[in-house]
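Have a look at the structure below before the remarks.
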Amino acid sequence: MKIIIIGAGPGGYETALLAAQRGVEVVLVESGHVGGTCLNEGCIPTKSFCRNAEVLDTIRSAESFGISDLSYGFDFKAVVDWKNAVVEQLRGGVETLLKHKLITFVKGKAVFKDQHTVTVDSTDYSADYIIIATGSVSSSLPIEGADTPGILTSREILDIETVPERLCVIGGGVIGLEFASVFRSFGSEVTVLEYCKDILPRFDTDLAKRLKQSLSKRGIEIITQAQVTGISSDGTSYKVTYNRKDKEETVVSDKVLMAVGRRANLNSLNFEDVGIEVGRRGVAVNGFMQTNVPHIYAVGDINGLMMLAHAATYQGIVALDHIMGMENKIDLSVMPAAVFTSPEAASVGMTEDECKEKGIPVKCLKSFFRANGKAVTMGETDGFCKVVVSDDRVLGCHLYGPHASDIIQEACALISRKATLDEFQSIIHTHPTLAEVLQSAVHA
Ligand SMILES: Cc1cc2nc3c(=O)[nH]c(=O)nc-3n(C[C@H](O)[C@H](O)[C@H](O)COP(=O)(O)OP(=O)(O)OC[C@H]3O[C@@H](n4cnc5c(N)ncnc54)[C@H](O)[C@@H]3O)c2cc1C
């Protein structure tokens, strides 16, 4: 059996490695750097920035821990250098792994020639199966001035040379808020403009509201129900115009980050020519990640189902198992997600609103970090944990607060195993730990 995988992001390269480990011959094609968006301009570089922001915030809070006379400098170039070093190190690791005897790595842009063949720089490669894992690209707004030179996307902001005094972030989703949070820590005055009623539209509304309050307390101005209508620049600063409750308002800033979501990277692969169906969100797939052409699969951001790195990886496993006729127990509906703001937020399973919409009767159990011993010792007491329970079964867990992205994993493990409230309650937690916030919630 031979498989061609197009794209070496977390969907493509992880699948290639697993396939090779299972003895399958793989041709992996990548037009950019291995690691894709995640490693080169997404998850990893942003979390490197988050770590810098965390260190800065910790130093700033030192006085409340009795550490005084502290002087420190902040060199933004060192932040970018550290980020680049982290990315290079991890990329080197992936490159080494990909030197597997069953993987042929092809550098270049793949284009479909027919349903079994792709062309890369005029060389044809054919296989029994093809997995498309070509990711996504930043979206923009169809507004006047959206193409004004200097407007940043999540890619460019990772390499700016100085911290802007004033940063306007268009979009209060995960990516926009993460940058808003780190640049606030780096010293920018940050304004976030969000079209919807709340930030993080897909998250639990309770969580979104409270996280907004926390971020506002840190000095980030978040304006919701703001429809951005235009952007202009005089060459040094930007004026972002928005409409809120029928009133036209403006934000003036030194930099503008456009963070209004991402869309499947559908450009130039010739999907239509080879008969691959494309839907509203991306390449259309079934539960096995199979397109309408049975031997062609699409995993990760390209299918638009769930634009997360771990979703891409696990969709790849589902596709590979299907190709190889293997049983698969992965439940893609239990997909954890985290927002690496300060404080962090994380979520898995159904929200209270979703249950209500579906007519599922629920009760919500809550606990607060202010009652968590470890959080109090850390001086990080902002946040809560909310567990959604129906008929004694835990359907969802939503929290914000310190290390929310780590704590969510326990809830994810149990929800994916369909644990009851009783089973959640019976698990012993180390004391004192932040994870006890989940224990307190399920006992509430
Ligand atoms: C700023 C930012 C922060 C993020 N943070 C997180 C996070 O913290 N956690 C998380 O889970 N997710 C995060 N994401 C999302 C995550 O990066 C994506 O969901 C993930 O990278 C998708 O993986 P993928 O394999 O589908 O595609 P990608 O990682 O985009 O990889 C696709 C690859 O395909 C290549 N390619 C495209 N077309 C072709 C072609 N024709 N021929 C050959 N190669 C091609 C591209 O060069 C690319 O390397 C973040 C994204 C951004 C932008």
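Observations, loosely collected:
- At full extension, Leu332 and Arg393 could sit 20.1 nm farther apart than now, given 0.36 nm per residue minus the alpha carbon distance.
- Additional length obtainable on full extension of the chain from Glu221 to Leu266, 0.36 nm per residue less Cα span: 12.7 nm
- Summed side-chain charge close to Val169 - residues other than Val169 whose Cβ falls under 12 Å, Lys, Arg +1, Asp, Glu -1: -1
- The local environment of Tyr129, defined by Cβ-Cβ distances under 15 Å, has a net charge of -2 under the rule Lys, Arg +1 and Asp, Glu -1.
- Largest mean-square fluctuation among Ile59, Ile175, Ile132, in a Gaussian network model of the chain whose springs join Cα atoms under 10 Å apart, belongs to Ile59.
- When exposed loop sites are taken as trypsin sites (Lys or Arg not before Pro) in a DSSP loop with at most 10 other Cβ atoms within 10 Å, the longest stretch of the chain clear of them is 102-244.
- Note on the chain: with a GNM built from Cα contacts shorter than 10 Å, the maximum mean-square fluctuation among Glu144, Glu189, Glu54 falls on Glu144.
- Overall form of the chain: oblate. Here a/c, set by the Cα gyration tensor axes a ≥ b ≥ c, is 1.5 or more, and a/b is not larger than b/c.
- Net dipole in debye of the chain [+1 Lys, Arg Cβ; -1 Asp, Glu Cβ; about Cα centre; nearest 20]: 480
- Accessible carbon and sulfur surface of the range 376-418 relative to its total accessible area, %, 1.4 Å: 50
- Label sites at Asp422 and Lys107, each approximated as a point 7 angstrom past Cα along Cα to Cβ, lie 6.0 nm apart.
- Between Thr377 and Met1, the FRET efficiency estimated from the beta carbon spacing at R0 = 56 angstrom works out to 0.55.
- Note that the chain presents 47 Å² accessible area per residue, ligands and nucleic acids not counted, probe 1.4 Å.
- Cα-projected label distance for Lys358 with Thr58, points at 7 Å along beta-carbon direction, nm: 4.0
- Normalised by the number of residues in the chain, the mean separation of alpha-carbon contacts (under 8 Å, six or more apart) gives a relative contact order of 14 percent.
- Among Gly66, Gly383, Gly373, the residue with the largest mean-square fluctuation in a Gaussian network model of the chain, with springs joining Cα atoms closer than 10 Å, is Gly66.
- The overall shape of the range 100-226, judged from the alpha-carbon gyration tensor, is prolate: a/c is not under 1.5, and a/b is greater than b/c.
- 11 Å beta-carbon shell around Ala110, net charge (K/R +1, D/E -1): 0
- Percent accessible area from carbon and sulfur atoms, the range 93-141, protein chains only, probe 1.4 Å: 54
The values are calculated or read from the model by the stated rules, or taken from the named source; none is laboratory data. None of the values given here were measured: they were computed from a predicted structure. Don't worry about glycine lacking a Cβ; one is built from the backbone with ideal geometry, like all the others, and counts go over all protein chains shown. In case anyone asks, the SASA skips ligands and DNA or RNA and just uses the protein heavy atoms, side chains included. Shrake-Rupley method; radii C 1.70, N 1.55, O 1.52, S 1.80 Å.
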